[in-house]
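Read through the structure below, which is laid out as structure tokens, and then see the notes.
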Amino acid sequence: MSRRGASVTLLVALTVLFTSAAKGCEKPRDTQPKKSSVVCHSTSSVKCWPTLTVYVDDRTGDAWPVREQVQKWDRLLKLHFLYGPCHRGAGCVKVVERKMGDTGVGATTTYACGSCGIIDDTVVVAVNTTYGDSPAEVRKRTICHELGHAAGKTAHNAATCMEPDVSIPNGSPNPSSKDAAVINAVYA
Ligand SMILES: [Zn+2]
């Protein structure tokens, strides 16, 4: 008997909804930005957060290593990527469990974007509990991948956890400094 997840192709997905309700995230050059505001230019592969502090509100069970992966991303990112309940005035990522069935989709991240980047309070990572018994490394890679999207990276990378098929052991299941550098570059 083989464990579910060991042999299936487990894809992870991202949906970015573009809205025309653009919020200003760019400050005039001659104005000193407030501590919480960000000067950032979204690109086709990275979307900006409007604040540099983002809380990851984990509503999943112990099977999903959300705290561990948030802390690993935080060490690499310019964003303060913090594990804990969402706070007013800071960015918010909700991580939830959803029984999506045996569809081959391990998890999804969705968010809405305006012309300047991510619109806060729209970011949801949903893990598919149908694959809750997949190997620990696959769950780790899944969370790493979705948090990379939640941090703003829309593009995939075949050599890191941002590989779209998380069942392929391509490199480390942990956040890579290469992916983090791409995200950090938009806040330069
Ligand atoms: Zn993806």
Among the residues of segment 156-172, is there at least one that is surrounded by 20 or more Cβ atoms within 10 Å (Cβ to Cβ), assigned to a loop (DSSP other than H, G, I, E, B) and β-branched (Val, Ile, Thr)? yes
Flagged in segment 127-139 as surrounded by fewer than 22 Cβ atoms within 10 Å (Cβ to Cβ) and under 16 Å from Arg59 (Cβ atoms), in numbering order, are Thr129, Gly132
Please go through segment 102-125 and give me each residue that is buried (at least 20 other Cβ atoms within 10 Å of the Cβ) and within 13 Å of the ligand (Cβ to nearest atom), ordered by number. Gly106, Ala107, Thr109, Tyr111, Val125
Qualifying strands (runs of 3 or more DSSP E) (wholly inside segment 3-95; at least 1 residues being touching a His at 6+ places or on another chain (Cβ under 6 Å), modelled with pLDDT under 90 and aliphatic (A, V, I, L, M)): 11-18
Just to check your reading of the model, which residue among Ser177, Ser167, Ser172, Ser134 is at pLDDT below 95, of a type in the set (Gly, Ala, Ser), away from the ligand (no atom under 14 Å from the Cβ) and in contact with a Leu (Cβ under 9 Å, 6 or more places away or on another chain)? Ser134
Restrict the check to segment 123-139 and report whether at least one residue is touching a strand residue (DSSP E or B) at 6+ places or on another chain (Cβ under 6 Å) and charged (D, E, K, R). no
List every residue pair whose Cβ atoms lie under 7 Å apart, where the two residues are 6 or more positions apart in sequence or sit on different chains, the first residue falls within segment 71-86 and is under 15 Å from Ser176 (Cβ atoms), and the second residue, located anywhere, is in a loop (DSSP other than H, G, I, E, B). Lys72/Asn174; Lys72/Pro175; Trp73/Ala151; Trp73/Pro175; Leu76/Pro175; Leu77/Ala151; Phe81/Ala151
Residues of segment 140-152 being buried (at least 24 other Cβ atoms within 10 Å of the Cβ) and either more than 8 Å from the ligand (Cβ to nearest atom) or of a type in the set (Gly, Ala, Ser) (or both), which ones? Arg141, Thr142, Ile143, Cys144, Leu147, Gly148, Ala150, Ala151, Gly152
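The values are calculated or read from the model by the stated rules, or taken from the named source; none is laboratory data. Keep in mind that this is a model prediction, so the values were computed, not measured. We place every Cβ from the backbone using ideal geometry, glycine too, and count neighbours over all the protein chains shown.
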